[in-house]
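Participant: What follows is a single structure, and I will ask about it in a moment.
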Amino acid sequence: MAQLEFQTFLSLLLNGLSTASMLFIVASGLSIIFGVTQVVNFSHGSFYMLGAFVAYSATSWLPVTGVNYWLGVLAAVGIVALVGLLIELVVLRRIYHAPELLQLLATYGVILIIQDAAKGIWGFEDLIGPRVPGLSGAVSFLGIRLPSYNLFIIVLGPAIFLLLWVILQKSNWGTKVRAATEDREMLGALGVNQKWLFSSVFCLGSGLAGLGGALQLPRDAANLGMDFNMLTEAFVVVVIGGLGSISGAFLASLLVGVLQSFGTLILPKFTLVLIFIIMAVVLVVRPQGLAGAAQVQVRIATRPLQAAPGGGRGTAYVALAALVLLLLAPRVFNEYTVTLLIEMFIFVLFAVSLHFLIGPSGILSFGHAAYFGLGAYAVALGVKYLNLSMVPALILAPLVAALGALIYGWFCVRLSGVYRAMLTLAFAQITWSVAWQWINVTGGDNGVLGIRPDRWASSKELYFYLALAVCALGLIAMWKVTLSPFGYALRASRDSALRAAAVGIPIRRLQWIAFVLAGAVAGVAGALYAYAKGSVFPDVASIPTSVDGLIMVLLGGIEHAVGPIVGA
């Protein structure tokens, strides 16, 4: 029995080290890119996916021999590095001094472009690559058999770490990279061409992501979903290790890889949740990560925020005309258009609640879908397990979402800048992970079905008027809060935290209350969404849902209260 337990322990440890090496190869590129450019690169997972697809094509075209296989891997790395360089020149070079929100959305746009390009070139099917010549067997080690390729990956990860360390510490280029990480403005003042330094760093980081994808091909099929799967894990590694720290990324990869491996045996239903809990704990205890440097907060708004739409009577007439048209919509438009309008009302509420955090409060949130999802699941589970009617369920949803925001916000207000944004992402991923893996309660990816409005709101027309009324009340409430002394104090804290603190404004407390208010309104939107769709799935709390809200806010404009309405 003891021998069996030892073999199980050793097998899990070696599998964890193999996963850790793969994570490091991908995460090291992301860490280098952020350390120098200060860009939160959401498209990094796409380069990983692209590396797998290109490696599949390259190894399929050539006869499967040892030399040809590795030539195909190198070709994949080179092509992905060139794609990364092209994206840096065309897109990212223009936004290095932009707020994190604009950088996030620009790199998310790159994700969509690469996704569509991959669909057009390789299709929707999973593509299984060939075995690696010479590494297709297994090795006996202390009574267990481990794939030779996994042992190769275990050795390759530390080898790449040592190579990167030598390059960054001993070469002239590495010295410039480390200097840019410390103070890129001073580096520019000394005459170093920052643009081409950034380009070379992005090319290297993209190539490392492509290498990770190419190396993953023999272990897993190339597919269109592998970008987001790796992206979240790579971000966890980089944030735990410290943004910009290679040594921190290596330590964090070991921690995450081993914990994931042992978690499949000890806590099989909570493996996804575990890594995000660790990330949240590290950010709260040591915001800069295990080996990272403190992050300077970046101000989002550069001009005074308009609290409410101006324009006097003209604006009032426009709003009245829009309201009349909306009231007549169910009788004028077909059912499909009315359904779209209902979804518009829902996402107006969601976008306005997010705008309240980003605009007046000055809090960048990458995970606002957490509260939208909590509201939706409050309705779904209340109907499924408590047989709640519609009114109690609609009341329960914002309370549950507000409770989640109360807990998450308590931690988030203690950080600033990109670290706070990443903590909001971590909490959203915890919410998504629970919904995905707690199958006995949430149904997992099968979702919760059969959510129907009560008879008094069962028709499409009646539900349209309900959604319109709730949306209008939510907008009025948000505008009232923004125009209140509380709203002015929030904006003072956003514009000058030091002055606000000097005159006695409790900044953290106000931001915490803002989290709760925004979460409650997002929960209402989630509740309406659950009844409109008749079902709830984990994707209501996923990263794409959060990004959708950010896109709505940005499209309409951060600096005006009408912006999120127009964007939605």
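Participant: Would it be correct to say that Ile113 is assigned to a helix (DSSP H, G or I), buried (at least 18 other Cβ atoms within 10 Å of the Cβ), assigned by TED's automatic domain parsing to the domain that holds Leu197 and not hydroxyl-bearing (Ser, Thr, Tyr)?
Facilitator: Numbers: assigned to a helix (DSSP H, G or I): yes; buried (at least 18 other Cβ atoms within 10 Å of the Cβ): no; assigned by TED's automatic domain parsing to the domain that holds Leu197: yes; not hydroxyl-bearing (Ser, Thr, Tyr): yes.
Spelling it out, it is not the case that Ile113 is assigned to a helix (DSSP H, G or I), buried (at least 18 other Cβ atoms within 10 Å of the Cβ), assigned by TED's automatic domain parsing to the domain that holds Leu197 and not hydroxyl-bearing (Ser, Thr, Tyr).
Participant: Evaluate the stretch 186-195: report whether one residue or more is among the small types (Gly, Ala, Ser), surrounded by 15 or more Cβ atoms within 10 Å (Cβ to Cβ) and either touching a Pro at 6+ places or on another chain (Cβ under 7 Å) or not assigned by TED's automatic domain parsing to the domain that holds Ile358 (or both).
Facilitator: Pass one, the stretch 186-195, residues among the small types (Gly, Ala, Ser): 188-189, 191.
Those still in the list that are surrounded by 15 or more Cβ atoms within 10 Å (Cβ to Cβ) too: none.
For the stretch 186-195, residues among the small types (Gly, Ala, Ser), surrounded by 15 or more Cβ atoms within 10 Å (Cβ to Cβ) and either touching a Pro at 6+ places or on another chain (Cβ under 7 Å) or not assigned by TED's automatic domain parsing to the domain that holds Ile358 (or both): absent.
Participant: Hey, another quick one. Among residues belonging to the stretch 78-111 that are among the β-branched types (Val, Ile, Thr) and in contact with a Ser or Thr (Cβ under 6 Å, 6 or more places away or on another chain), point out the one that is farthest from Ser199 (Cα to Cα).
Facilitator: Going through the stretch 78-111, the residues among the β-branched types (Val, Ile, Thr) turn out to be 79-80, 83, 87, 90-91, 95, 107, 110-111.
Restricting the remaining residues to those that are in contact with a Ser or Thr (Cβ under 6 Å, 6 or more places away or on another chain) gives 80, 107, 110-111.
Working: Val80: 14, Thr107: 15, Val110: 16, Ile111: 19 Å.
My answer is Ile111.
Participant: OK, next. Search the stretch 491-535 for residues being touching a residue at least 12 places away in the same chain (Cβ under 8 Å) and of a type in the set (Val, Ile, Thr), and hand back the single one that is surrounded by the fewest Cβ atoms within 10 Å (Cβ to Cβ).
Facilitator: Residue satisfying both the conditions and the ranking: Ile505.
Participant: Have a look at Val256, Val236, Val201, Val166 and point out the one that is over 23 Å from Leu112 (Cα atoms), hydrophobic (A, V, I, L, M, F, W, C) and touching a helix residue (DSSP H, G or I) at 6+ places or on another chain (Cβ under 6 Å). Quick ask: steps written out before the conclusion?
Facilitator: Working: Val236 fails: over 23 Å from Leu112 (Cα atoms); Val201 fails: over 23 Å from Leu112 (Cα atoms); Val166 fails: touching a helix residue (DSSP H, G or I) at 6+ places or on another chain (Cβ under 6 Å).
None of the other options fit; the residue is Val256.
Participant: I've got another one for you. Against the conditions (1) surrounded by 13 or more Cβ atoms within 10 Å (Cβ to Cβ); (2) under 25 Å from Asp539 (Cα atoms); (3) not acidic (Asp, Glu), where does Gly450 fall short? Just the number, please.
Facilitator: Going through (1) surrounded by 13 or more Cβ atoms within 10 Å (Cβ to Cβ); (2) under 25 Å from Asp539 (Cα atoms); (3) not acidic (Asp, Glu) one by one, Gly450 breaks only (1).
Participant: Taking the stretch 539-550 as the search range and keeping residues that are aliphatic (A, V, I, L, M) and at pLDDT 90 or above, which one is surrounded by the most Cβ atoms within 10 Å (Cβ to Cβ)? Before the answer, list the steps.
Facilitator: At the first step, the residues of the stretch 539-550 found to be aliphatic (A, V, I, L, M) are 540-541, 543, 547, 550.
Then drop every residue that is not at pLDDT 90 or above, which leaves 540-541, 550.
Values: Val540: 25, Ala541: 31, Leu550: 24.
This residue is Ala541.
Participant: Here's another thing I want to ask about it. Give the residues of the stretch 142-176 that are over 19 Å from Ala252 (Cα atoms), small (Gly, Ala, Ser) and touching a residue at least 12 places away in the same chain (Cβ under 8 Å), sorted by residue number.
Facilitator: Gly143, Ser148
Participant: Another question, if that's okay. Within the stretch 234-255, identify whether any single residue is of a type outside the set (A, V, I, L, M, F, W, C), in the same structural domain as Val54 (by TED's automatic domain parsing) and crowded, with 22+ Cβ neighbours inside 10 Å, and answer yes or no. Reasoning before the result, please.
Facilitator: If we filter the stretch 234-255 for residues that are of a type outside the set (A, V, I, L, M, F, W, C), which is where we start, we get 241-242, 244-245, 247-248, 253.
Next, only the ones that are in the same structural domain as Val54 (by TED's automatic domain parsing) stay: none.
No.
Participant: When you look at Ile558, is it within 22 Å of Val481 (Cβ to Cβ), in contact with a helix residue (DSSP H, G or I) (Cβ under 8 Å, 6 or more places away or on another chain), at pLDDT 90 or above and surrounded by fewer than 24 Cβ atoms within 10 Å (Cβ to Cβ), yes or no? Please lay out each step first, then the result.
Facilitator: Numbers: within 22 Å of Val481 (Cβ to Cβ): yes; in contact with a helix residue (DSSP H, G or I) (Cβ under 8 Å, 6 or more places away or on another chain): yes; at pLDDT 90 or above: no; surrounded by fewer than 24 Cβ atoms within 10 Å (Cβ to Cβ): yes.
Judged against the criteria, Ile558 is not a match.
Participant: Going through Leu215, Leu267, Leu224 one at a time, which residue ends up being free of Cβ contacts under 8 Å to residues at least 12 places away in the same chain and not aromatic (Phe, Trp, Tyr)? So that I can check it myself, show each step before the final result.
Facilitator: Details: Leu215 fails: free of Cβ contacts under 8 Å to residues at least 12 places away in the same chain; Leu224 fails: free of Cβ contacts under 8 Å to residues at least 12 places away in the same chain.
Being free of Cβ contacts under 8 Å to residues at least 12 places away in the same chain and not aromatic (Phe, Trp, Tyr) holds for just one of Leu215, Leu267, Leu224, which is Leu267.
Participant: Another question, if that's okay. Return the residues of the stretch 94-108 that are surrounded by fewer than 16 Cβ atoms within 10 Å (Cβ to Cβ) and assigned to a helix (DSSP H, G or I); say none if nothing qualifies.
Facilitator: Of everything in the stretch 94-108, just one residue is surrounded by fewer than 16 Cβ atoms within 10 Å (Cβ to Cβ) and assigned to a helix (DSSP H, G or I), namely Arg94.
Participant: Oh, and also: Can you find a residue that is modelled with pLDDT of 85 or more and within 21 Å of the chain's Cα centre (by Cα) anywhere in the stretch 256-271?
Facilitator: yes
Participant: Among the numbered conditions (1) surrounded by fewer than 24 Cβ atoms within 10 Å (Cβ to Cβ); (2) touching a Lys or Arg at 6+ places or on another chain (Cβ under 9 Å); (3) among the polar types (S, T, N, Q), tell me where Ser365 comes up short.
Facilitator: (1)
Participant: Continuing with this model, one more query. Could you list, in sequence order, all residues of the stretch 145-160 that are of a type outside the set (Val, Ile, Thr) and either crowded, with 19+ Cβ neighbours inside 10 Å or over 18 Å from Ser31 (Cβ atoms) (or both)? Break it down stepwise before answering.
Facilitator: Of all residues in the stretch 145-160, those of a type outside the set (Val, Ile, Thr) come to 145-152, 156-159.
Answer for the stretch 145-160, where residues must be of a type outside the set (Val, Ile, Thr) and either crowded, with 19+ Cβ neighbours inside 10 Å or over 18 Å from Ser31 (Cβ atoms) (or both): Arg145, Leu146, Pro147, Ser148, Tyr149, Asn150, Leu151, Phe152, Gly157.
Participant: Would the stretch 431-451 turn up any residue that is among the hydrophobic types (A, V, I, L, M, F, W, C) and closer than 15 Å to His368 by Cα? Before the answer, list the steps.
Facilitator: Taking the stretch 431-451 and keeping what is among the hydrophobic types (A, V, I, L, M, F, W, C), we get 432, 434-436, 438-439, 441, 448-449, 451.
Right, trim to closer than 15 Å to His368 by Cα and you get 432.
Within the stretch 431-451, one or more residues are among the hydrophobic types (A, V, I, L, M, F, W, C) and closer than 15 Å to His368 by Cα.
The values are calculated or read from the model by the stated rules, or taken from the named source; none is laboratory data. Given the structure is predicted, the values throughout are model-derived calculations rather than measurements. Backbone-built Cβ (ideal geometry, glycine too); neighbour counts: all protein chains shown.
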